[in-house]
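**Student:** This is the structure I have questions about; it appears just below.
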Amino acid sequence: MGIKETNRIPRVLVAKIGLDGHSRGAQVVAYGLRDAGMEVIYTGIRQTPAGVARTAIEEGVDVIGISSMVGAHMAIMKKLRKELEKLNAADLPVILGGIIPEEDYDQLRRLGASAIFSPGSELKEIIHFFQQMAKAKEWISEVPGTLAGKYLDDLHLSGTQCERCGQVYFPSRRNCPHCLDDRSIKQIPLSDEGTLHTFVVADMAPPGYPVPHAQGYIDLFEKGPRIFSLLTDYGEPSNLKIGCKMSLKVVRLGRDRDHRMIVGYRFRPSGEVRKGEID
């Protein structure tokens, strides 16, 4: 399903990575973005790629801005992109600024830079590009009929319920398979938590998925249905136990040909085994 974001204050992260202590340019851009109505997180100098990537995810930013004045731009971009990939955020736009030779622009774009600005760039031009990159986008679900919400950090599981017989279904359906009624179906939010009913962990996985590969069935709380999900963030497979509490995690999977964000759902352990359940 398509989920459109509306008017939300753009959040941007401005950072200096490595030993580069030239902070004036980054501060000028940060103040300019703030004065243009954006929410700016400025990390200061001497940050690490891993720290910047982690902060970007924790703060839920729309764009990352990196200032590089000492020739480390290529290494910074490679390492930052690698850290973002680890966090399933390779699609997060990264804008570079600073003293960067033009002959490096193409390589930086291949590494994932959305734009590169030189010291002679006008502030209003930089601000405009940040605004364009942070502008609300259309989100589509990896599996249609599974997620709903306005913002990426507000997405929740969505199902349908038949008002005639009370059956709840996931993913959403256009009619009720139980009583065959297509007029009493309504969209409802489902719980984002549940317990692990059954699971399997395999040493092989489909292309593009990590190994070990875990998947299972979750009994959703609040009388929700039993749903199938890939499992993530469990550390060692031995940490997965039947009956353990699981919670929803929405993941970004890239963009389609129309540059719309593709999002999917996963479940991860979030607590201890519930009483009365099998350990």
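**Student:** Can you tell which of 94, 118, 158 lies farthest toward the positive end of the dipole of segment 90-198, using +1 and -1 charges on the Cβ of basic and acidic side chains (Lys, Arg; Asp, Glu)?
**Tutor:** 158
**Student:** Right, another one. Dipole magnitude of the chain about its Cα centre, charges +1 at Lys/Arg Cβ and -1 at Asp/Glu Cβ only, in debye to the nearest 20?
**Tutor:** Working: 37 positive and 35 negative charges, 52 e Å.
Around 240 debye, computed over the chain.
**Student:** Of the DSSP beta bridges with both residues in the chain, give the percent that are antiparallel, rounding to the nearest 5. All intermediate terms of the calculation are to be shown ahead of the outcome.
**Tutor:** Numbers: 38 of 61 bridges.
Among the beta bridges of the chain, antiparallel pairing accounts for roughly 60 percent.
**Student:** Can I ask one more? Taking the simple approach of a point 7 Å from Cα along Cα-to-Cβ for both residue 173 and residue 233, what is their distance in nm?
**Tutor:** Spacing of the two 7 Å Cα→Cβ label points: 3.1 nm.
**Student:** For segment 139-273, report the translational diffusion coefficient in µm²/s to the nearest whole number, using Stokes-Einstein at 20 °C, 1.002 mPa s, and a Kirkwood Rh over Cα pairs.
**Tutor:** Details: Rh = 15.9 Å.
It comes out at roughly 135 µm²/s.
**Student:** May I have the count of lysine pairs in segment 8-134 with C-alpha atoms under 22 Å apart, counting pairs 8 or more residues apart or located on different chains? Numbers along the way, then the final one.
**Tutor:** Details: 16/78; 16/79; 16/82; 16/86; 16/124; 78/86.
So the count works out to 6.
**Student:** Determine the equivalent ellipsoid of segment 11-65 by diagonalising the alpha-carbon gyration tensor, then write out the semi-axes as square roots of 5 times the eigenvalues, largest first, rounded to whole Å.
**Tutor:** On the way: eigenvalues 59, 47, 6 Å².
Three semi-axes, in Å: 17, 15, 6.
**Student:** Taking the Cα-to-Cβ direction at residue 19 and at residue 198 and moving 7 Å from each Cα, how far apart do the two end points lie in nm?
**Tutor:** Distance between the two pseudo-spin positions: 5.8 nm.
**Student:** I need the Debye-formula profile for segment 40-178: one equal scatterer per C-alpha, no solvent, reported as log10 I(q)/I(0) at q = 0.13, 0.16 1/Å, two decimals.
**Tutor:** After summing over all Cα pairs, the log10 values are -0.66, -0.87.
**Student:** Rounded to the nearest 500 deg cm²/dmol, what is the calculated helix-only ellipticity per residue at 222 nm for the chain, with -39500 (n - 2.57) per DSSP H run of length n ≥ 4? Intermediate values should be presented prior to the final figure.
**Tutor:** Working: 5 runs with 55 residues, N = 279.
Result for the chain, helices only: -6000 deg cm²/dmol.
**Student:** What nm distance separates the two modelled labels at residue 105 and residue 28, each placed 7 Å from Cα along Cα→Cβ?
**Tutor:** 1.9
**Student:** While we're on this one: About its Cα centre, how strong a charge dipole does segment 139-273 have in debye, to the nearest 20, once Lys and Arg get +1 and Asp and Glu get -1 at the Cβ? Walk me through the intermediate numbers first.
**Tutor:** Working: 17 positive and 16 negative charges, 68 e Å.
For segment 139-273, the charge dipole is close to 320 debye.
**Student:** Let me ask another. Calculate the FRET efficiency for residue 242 and residue 70 from the Cβ-Cβ distance with a Förster distance of 51 Å, rounded to the nearest 0.05. Walk me through the numbers on the way to the answer.
**Tutor:** On the way: r = 54 Å, r/R0 = 1.05.
Calculated value: 0.40.
**Student:** Can you run phi through the Karplus equation (6.51, -1.76, 1.60; θ = phi - 60°) for segment 234-248 and list ³J(HN,Hα) in whole Hz, with x for Gly and Pro?
**Tutor:** 9, x, 7, x, 5, 6, 7, 9, 4, x, 6, 6, 10, 10, 5
FYI, it's all coordinate maths here, none of it is from the lab. In this text the structure is predicted, and so the values were computed from the model without any measurement. No Cβ is skipped: glycine too gets one built from the backbone with ideal geometry, and neighbour counts run over all protein chains shown.
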